[in-house]
Amino acid sequence: MTPPGSRGPIRLGPRAATALALVSAVGAMAFGWPLLAASGSGLAHSQDAPWLFAALLPLLLAVVVATIADRGLDAKAVAMMGVLAAAGAALRPLGAGTAGLEPMFFLMVLSGRVLGPGFGFVLGGVTMFASALLTGGVGPWMPFQMLAMGWVSMGAGLLPGSDRLRSRAETALLAAYGAAVSLAYGTIMNLQGWPYLSGLSTGVSFIPGDPLHENLARFVAYCLATSLGWDVGRAVLTAVATLTLGPTILKALRRATRRAAFAAPAAFADPPARAGTGTGTVIGTDAGTRTGPAAPEDPQSPAHRP
């Protein structure tokens with residue numbers, strides 16, 4: 001059976017998988033630490049975001065370097081990543097954040113499905129970084145968006161049936177996944193903004209040091225009251241775009257990966273010998289064709305006459 005990490009034409013080797021697991025562990029701690037913070041800590045994501053961003057970029061680079069070392073990412077793959085990241089960054093402003101509509105989600109899902117989890121994670125992070133620069137959305141939330149989008153695209157590469165599931169069944173699977181992760185993305189991003197409500201006298205405020213179950217109950221109420229409508233709009237758009245445009249884009253991505261031949265090993269061979277170099281020539285006979293030494297040139301031949 002094919003290991004999950006090796007799915008897709010761009011394989012995820014052991015070193016890349018280790019780097020990816022490290023990035024995900026750091027991200028999970030960055031998102032969830034407020035739930036475990038002591039009372040009176042006074043910490044908020046506005047203070048830890050620069051440190052997270054400083055740690056995230058080297059870790060993303062480590063995933064890329066490890067993937068290259070595992071022979072999973074070459075110049076052709078980097079070029080494709082640049083094209084897809086540019087397309088995703090251009091798609092994001094089209095929704096302008098209206099009702100949570102973000103058209104880039106379905107492209108990240110489809111790209112991760114075709115090109116694999118390692119490529120998908122790096123693509124998601126790079127695309128969100130590029131779109132933040134394009135739209136001026138640079139802030140303490142950006143490293144968290146990069147991590148969350150990386151997980152969205154990586155999860156698509158880990159879905160089952162990548163080698164046998166095609167047509168409507170695959171499109172339906174990706175549409176359902178896209179809707180689910182669109183909701184999950186909004187929920188996990190709330191963990192980045194929710195600690196800013198610390199100290200406010202509301203029923204959904206974050207209270208450092210409170211029991212975990214009480215803070216979780218307030219967090220659920222906060223999600224329902226603030227972001228659910230936006231998340232549902234994002235989920236509906238992602239599912240509809242995947243169902244309508246997904247088959248065409250999947251075919252285009254798979255055709256591009258076949259032509260790029262990411263998994264084909266490089267082979268070098270000596271050039272074929274040319275006739276008349278003394279290495280041999282083909283001589284025709286009545287009985288067939290045989291190979292013999294090159295015949296000496298006749299100085300009386302027409303080619304040598306004055």
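The values are calculated or read from the model by the stated rules, or taken from the named source; none is laboratory data. Every value quoted in this text rests on a predicted model; they were computed, and no experiment measured them. All Cβ positions, even for glycine, are placed from backbone atoms using ideal geometry, and neighbour counts span all protein chains on display. The accessibility values were calculated without ligands, DNA or RNA, using every heavy atom of the protein model including side chains. Shrake-Rupley method; radii C 1.70, N 1.55, O 1.52, S 1.80 Å.
Overview of results
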item	result
Unique residue being of a type outside the set (D, E, K, R), at pLDDT 90 or above and open to solvent by less than 40 Å² (accessible area, probe 1.4 Å) when the list is A235, A261	A235
Count - residues of segment 117-160 that are closer than 19 Å to A180 by Cα and in a loop (DSSP other than H, G, I, E, B)	3
Residue check for G155: in contact with a helix residue (DSSP H, G or I) (Cβ under 9 Å, 6 or more places away or on another chain), closer than 29 Å to G229 by Cβ and modelled with pLDDT under 80	no
Where I207 falls short, out of the listed (1) open to solvent by 60 Å² or more (accessible area, probe 1.4 Å); (2) in contact (Cβ under 8 Å) with a residue 24 or more places away in the chain; (3) part of a helix (DSSP H, G or I)	(3)
Criterion: more than 15 Å from G32 (Cα to Cα), at pLDDT 80 or above and aliphatic (A, V, I, L, M) - qualifying residue of L212, L200, L115, L191	L115
Among the residues listed as V109, V181, V114, the single one being touching a residue at least 24 places away in the same chain (Cβ under 8 Å) and under 18 Å from A28 (Cβ atoms)	V181
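Residue-wise test of (1) within 20 Å of V138 (Cα to Cα); (2) of a type in the set (A, V, I, L, M); (3) part of a helix (DSSP H, G or I); (4) at pLDDT below 80.
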{"position": "G5", "(1), (2), (3), (4)": "no, no, yes, yes"}
{"position": "R11", "(1), (2), (3), (4)": "no, no, no, yes"}
{"position": "L43", "(1), (2), (3), (4)": "no, yes, no, yes"}
{"position": "A49", "(1), (2), (3), (4)": "yes, yes, yes, yes"}
{"position": "L56", "(1), (2), (3), (4)": "yes, yes, yes, yes"}
{"position": "I68", "(1), (2), (3), (4)": "no, yes, yes, yes"}
{"position": "A89", "(1), (2), (3), (4)": "yes, yes, yes, no"}
{"position": "A99", "(1), (2), (3), (4)": "no, yes, yes, yes"}
